[in-house]
1. Please enumerate the residues belonging to the range 76-108 that are touching a His at 6+ places or on another chain (Cβ under 8 Å) and open to solvent by less than 10 Å² (accessible area, probe 1.4 Å).
2. Taking the criterion of being of a type in the set (Asp, Glu) and at pLDDT 85 or above, would at least one residue in the range 306-321 satisfy it?
3. Evaluate the range 210-228: report whether one residue or more is among the β-branched types (Val, Ile, Thr) and more than 18 Å from the chain's Cα centre (by Cα).
4. Of VAL279, VAL307, VAL262, VAL283, which residue is open to solvent by less than 20 Å² (accessible area, probe 1.4 Å), touching a helix residue (DSSP H, G or I) at 6+ places or on another chain (Cβ under 9 Å) and under 15 Å from LEU79 (Cβ atoms)?
5. Within the set of pairs 6 or more residues apart or between chains, which connect a residue that is touching a residue at least 12 places away in the same chain (Cβ under 8 Å) inside the range 59-77 to a residue that is among the acidic types (Asp, Glu) with Cβ atoms less than 9 Å apart?
6. Can you pull out the residues in the range 116-138 that are within 21 Å of PHE270 (Cα to Cα) and modelled with pLDDT of 85 or more?
7. Restricting to the range 123-139, name every residue that is touching a residue at least 12 places away in the same chain (Cβ under 8 Å) and over 21 Å from ASN182 (Cβ atoms).
8. Please specify each residue of the range 204-223 satisfying the condition of being open to solvent by 60 Å² or more (accessible area, probe 1.4 Å) and either in a loop (DSSP other than H, G, I, E, B) or at pLDDT below 90 (or both).
Amino acid sequence: MAKLKVFSQTKIKQDKPKRAALIFIVSACLLFIVMYLNLAIGSSHITTHDIFSYFTGHTNTKATFLVHNVRMPRMLGGLLIGAALALAGLLMQAMTRNPLASPQIFGVNSGASFVIVLITLAIPSLSSISTILAFIGAFIGGLTVYLLSGSTQKITPIKLALAGMAVHLFFSSLTQGIILLNEDSTTTVMFWLVGSLSTIKWAQIMNILPWLIIAFVVTILMGRQLSILELGEDLAKGLGQKIQLIRIMIGILVIVLAGTSVSIAGPIGFVGLIVPHIVKHYVSRNYLLMIPLSMIIGADLLLLSDVLSRLIAFPFESPVGIVTSFLGAVYFLAITIRGVDRL
């Protein structure tokens, strides 16, 4: 108990309170800005007055109808999915101690996409339970990587990365093959190749919201355990942590977070890879701060990317996954130029 108290005090001292508080404030302010832009920008322009009227319920116009039925579910979906993917990436990097770990690279996203596309085309009547199908696909992808990389005692970052990339490429190729063999349905499932927020509806938000709330709360409650795990397995065991149980919990959380996201938006990449690096730069290794900050910045990144996706070929839209992939490529190119040791 004394060791745990010393650890907690040490971690708190390592972070710069003013710097952490500043990044929280800036991220929160940016979140409100991109939420507004998501409601206002699109093929049909929505004014600030229209948005205010919608929230106050004073008018029932075409603009407020558009905000309620199209812009609001899309904005809330981007907010929840961005937070979920960022959190999933943070958890995977904590579990594997691999700075390149993410749901996309480790087979979770591609597994969920494969199952949903397969069922959507083969048994369309089951498409109404896409959230459950996404869970199944995410579990299959994650479990396959876990088994291929070795037992829980012998798992290494290199094994996990190799197994993850192999499984990711395998499921991705199967998904693309299924789409190519069903050309008539290409327009229906094409967004599963890159990810999109344009088809999100209120019903889908209601389906994933309970799962995500549970996952968010559980992850926050695990913040101290994750901080201790960051010190290494031997020290974590010495402090009384049950490593295997923590790993199982992290695996379940990643499946829930990534599975629900993929179920309504497709495999949006790089959010879970970029955000943890940004967060660690500002708040060190204190997961009690990193978890909520990851959620905020993840939502910022995805909502901003969604706004950019509407402007690239205005008035037409581009899939948001293209924008996040581009931002990810630029970010890691910058890191490569500055020095890989910054990861």
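1. PHE106, GLY107
2. Scanning the range 306-321 turns up at least one residue that is of a type in the set (Asp, Glu) and at pLDDT 85 or above.
3. Yes: the range 210-228 contains one or more residues that are among the β-branched types (Val, Ile, Thr) and more than 18 Å from the chain's Cα centre (by Cα).
4. Residue meeting the stated conditions: VAL307.
5. Note: pairs meeting the criteria are ALA63/ASP50; THR64/ASP50; LEU66/ASP50; VAL67/ASP50; ARG74/ASP306; MET75/ASP306.
6. The answer is GLY137, and nothing else.
7. THR131, PHE135, ALA138, PHE139
8. Taking the range 204-223 as the starting set, the residues that turn out to be open to solvent by 60 Å² or more (accessible area, probe 1.4 Å) are 206-207, 210-211, 213-214, 217, 220-221.
Correct list: ASN207 only.
The values are calculated or read from the model by the stated rules, or taken from the named source; none is laboratory data. Since the model is a prediction, treat every value here as computed from it, not as a measurement. All Cβ positions, even for glycine, are placed from backbone atoms using ideal geometry, and neighbour counts span all protein chains on display. Surface accessibility is based on the protein's heavy atoms, side chains included, excluding ligands, DNA and RNA. Shrake-Rupley method; radii C 1.70, N 1.55, O 1.52, S 1.80 Å.
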